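Engineer: Let me begin by handing over the structure; questions about it come next.
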Amino acid sequence: MSLFDHTIKELEQKLHNHEITVQDLVAASYQRIKEVDDKVHAFLTLNEENANAYAKELDEAADKHTALFGMPSGIKDNIVTKALRTTCASQFLDNFNDPLYNATVVNKLNHQQAVTIGKLNMDEFAMGSSNENSSYEPTRNPWNTDYVPGGSSGGSAAAVAAGEVLFSLGSDTGGSIRQPAAFCGVVGLKPTYGRVSRFGLVAFASSLDQIGPITRNVEDNARVLEVIAGHDPMDSTSAAVEVPAYTEALTGDVKGLKIAVPKEYLAEGVAPEVKESVLQALKVYESLGATWEEVSLPHSKYAVATYYLLSSSEASANLARFDGVRYGVRSENANNMIDMFKKSRSEGFGEEVKRRIMLGTFALSSGYYDAYYKKAQKVRTLIKNDFDKIFEDYDVVIGPTTPTPAFKVGEKVDDPLTMYANDILTIPVNLAGVPGISVPCGFSDQGLPIGLQIIGKHFDENTVFRAAHAYEQATDHHKQRPQLGGANA
Amino acid sequence: MADISKDQVKHVAHLARLEVSEEEVEMFTEQLSSIITYAEQLNELDTSDVEPTTHVLDIKNVLRKDEPKKWITQEEAMKNAPDQQDGQYRVPSILE
């Protein structure tokens, strides 16, 4: 049994009882990384020397009562860490070794004395659903290394699943926390838009991006969100809404909980084994005293098109900052300023990033703005209204996180539209700004994890956590551990 | 099928400050056309009376006092610069 099979609460108890030290925890993390990361490729940069020194300091500290005291964590590489290399898995930032400040979430983790083990692999600039768009070695799925871990927070999910860290942070713009959490059999939450500060998150699509925790169980997830949530004067879109004690919502009681199951989420295109797992999960809820009904989110089928227009438009503006002047890799081959911008960007960005910048620039260009960008913003309103209407009568919406379990490396990478369609069940949640969690709910015939998605009202993470936790406690899917099998293992 | 020409792709690449090879122009012309064709399904919906969503929460302008604060030093700001001289960023000439 690994130390990371324990919950944060259990490890905290072991630390207080002097059964283990923080140095044991940190050593367990690096040892596991040395054992498995040449197969998994979850990490881009390790923070070993600093982490070891910090662990020693924590072991000598008189007060050990902070919320994440000594807990080994990994940070997605689009979250800025002071003096710790931050690349967004892009060659453009390959030399960004000395960032000047911490993202607010990193300061909050530090304040609660979590230990940063390293920076986690991802699709370049968070654009992708398989981690195959990492400009470094793509991350592999710990359940079977022939398969993708999902994306874009593939490193964050794989590292937790493989037991390399206790928890990680990811970011979710269209499913980038929940989809890899589903593919890797771990728990991943996208909080309500505005719940967690985006300051220091390298922006992809600012109206959709949220940072959230990836953990092995719901209780740990609630604990980490409690730490990272809250208003931040450095992010004007972060909401001045009080942060409840999420861990106290985990009562196990879902009697009377009203669940909506959108028929669009179990329609054609959803694999039979995924549908079966979700129906089984609904039976578990029934046995716990909850009720469910089929509903409709009629505009769901427009979500993917809406999302790709809006997110690419925002990305094309956000990524304009990468000009090769202040940081990043500058092209050696330029004659003048414009040429330098063009060559640095073209040499530094991968194909998917260029494709999205091109799509977004087109959608925002003169003569097309109303037809594409503004149209998509209007359809976004319809998608959001669908959720508002359902939440008048129901507490949560439940469905699968993804239409299929993880796919094979190389299977979809050459066809952008097929890859984009994989996000059909997670994208509407970002467009509506509501919170959603993925929890393990079974395995495919091939032994790959399946994720159950639970979606809540704005700022009602409490109900999402309560529902997720009650299901988790009634099942044992989350106790299964990957064996790192696969042809290339 | 949305009709995006190679010239349009080259124009968009220039706007986006990307240099694209002839092969990339071919590829992006085809891919952008199929993505935009896919996106045109949104035209099935009548949105003439729908307000666009720019922000999902009911947030108004967020203002703060315009006061100088300590952030980073000039020296720190130069730390990651690819090229610099006398504490300034150095770039190629703007005029030919």
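Engineer: With springs connecting C-alpha atoms under 10 Å apart, model chain B as a Gaussian network and identify which of B:ALA77, B:ALA39, B:ALA16 has the largest mean-square fluctuation.
Structural biologist: Answer for the Gaussian network model of chain B: B:ALA77.
Engineer: Do any trypsin sites (Lys or Arg not before Pro) in segment A:6-74 lie in a DSSP loop with no more than 15 other beta carbon atoms within 10 Å, and if so, which?
Structural biologist: Qualifying residues, ordered by number: A:LYS64.
Engineer: Counting only C-alpha contacts under 8 Å and six or more residues apart, can you give the relative contact order of chain A as a whole percent?
Structural biologist: Once normalised by length, the contact order is 18 percent.
Engineer: Still on this model: Greater than 19 Å separation of Cα atoms is the criterion. Which listed pairs, A:LYS263/A:LYS384; A:LYS375/A:LYS412; A:LYS14/A:LYS76; A:LYS76/A:LYS190; A:LYS9/A:LYS64, meet it? Walk me through the numbers on the way to the answer.
Structural biologist: Details: A:LYS263/A:LYS384 17 Å; A:LYS375/A:LYS412 28 Å; A:LYS14/A:LYS76 28 Å; A:LYS76/A:LYS190 14 Å; A:LYS9/A:LYS64 13 Å.
From the list (A:LYS263/A:LYS384; A:LYS375/A:LYS412; A:LYS14/A:LYS76; A:LYS76/A:LYS190; A:LYS9/A:LYS64), the Cα-Cα distance tops 19 Å for A:LYS375/A:LYS412; A:LYS14/A:LYS76.
Engineer: At 1.4 Å probe size, what's the solvent-accessible area of B:ASP83? Round to the nearest 10 Å².
Structural biologist: 50 Å²
Engineer: Between B:ASP46 and A:LYS389, what FRET efficiency follows from the Cβ-Cβ distance if R0 is 22 Å, with the result rounded to 0.05?
Structural biologist: The computed FRET efficiency comes out at 0.75.
Engineer: Given only helices, namely DSSP H runs of n ≥ 4 each adding -39500 (n - 2.57), what is the per-residue ellipticity at 222 nm of the protein assembly as shown, to the nearest 500 deg cm²/dmol?
Structural biologist: Counting only the DSSP helices, I get -11000 deg cm²/dmol.
Engineer: What angle, in degrees between 0 and 90 and rounded to the nearest 10, separates the Cα long axis of helix B:22-39 from the longest principal axis of the Cα atoms of chain B?
Structural biologist: For helix B:22-39, the angle is close to 60 degrees.
Engineer: Based on alpha-carbon centroids, what's the gap between segment A:272-312 and segment A:189-216 in Å, whole number please?
Structural biologist: A separation of 22 Å, based on Cα centres.
Engineer: If you take the alpha carbon radius of gyration of chain B and divide it by 2.2 N^0.38 Å, what ratio comes out, to two decimals?
Structural biologist: After normalising by residue count via 2.2 N^0.38 Å, the value is 1.81.
Engineer: A:GLN280 to B:SER93: FRET efficiency via 1/(1 + (r/R0)^6), r the Cβ-Cβ distance, R0 45 Å, to the nearest 0.05?
Structural biologist: That gives a FRET efficiency of 0.10.
Engineer: Right, something else. Using DSSP to call loops (not H, G, I, E or B), can you name the trypsin sites (Lys or Arg not before Pro) in segment A:244-301 whose Cβ has at most 11 other Cβ atoms within 10 angstrom?
Structural biologist: A:LYS255
Engineer: Sticking with this one: Could you pull the Cα extents of segment B:1-48 along its three principal axes, largest to smallest, in whole Å?
Structural biologist: 39, 19, 12
Engineer: Report, in degrees rounded to the nearest 10, the 0 to 90 angle that the Cα long axis of helix B:6-15 makes with the longest principal axis of chain B.
Structural biologist: For helix B:6-15, the angle is close to 30 degrees.
Engineer: Rg to Rh for segment A:193-280: what is it, with Cα atoms only and Rh by Kirkwood?
Structural biologist: Reported Rg/Rh (Cα atoms, Kirkwood Rh): 1.06.
Engineer: With a 1.4 Å probe and all protein chains in place, put A:LYS412, A:LYS457, A:LYS190 in order of accessible area, largest first.
Structural biologist: Values: A:LYS412 35, A:LYS457 70, A:LYS190 0 Å².
If we order A:LYS412, A:LYS457, A:LYS190 from most to least accessible, we get A:LYS457, A:LYS412, A:LYS190.
Engineer: Let me ask something additional. Could you let me know the centre-to-centre spacing of segment A:150-182 and segment A:6-28, using Cα atoms, in angstrom?
Structural biologist: 23 Å
Engineer: Roughly how large, in nm² to one decimal, is the mean projection of the convex hull of the alpha-carbon atoms in chain A?
Structural biologist: With every direction weighted equally, the projected area is 22.0 nm².
Engineer: Any idea of B:ASP7's accessible area? Nearest 10 Å², probe 1.4 Å.
Structural biologist: Taking all protein chains as shown, B:ASP7 has close to 110 Å².
Engineer: Calculate the spin-label point distance for A:LYS479 paired with A:ALA245, positioning each point 7 Å from the Cα along the beta-carbon direction, and give it in nanometres.
Structural biologist: Result: 2.8 nm between the two label points.
The values are calculated or read from the model by the stated rules, or taken from the named source; none is laboratory data. This is a predicted model, so every value here is computed, not measured. Cβ sites come from the backbone with ideal geometry, for glycine too, and all protein chains shown count toward neighbours. Only protein heavy atoms, including side chains, enter the accessible area calculation; ligands, DNA and RNA are left aside. Shrake-Rupley method; radii C 1.70, N 1.55, O 1.52, S 1.80 Å.
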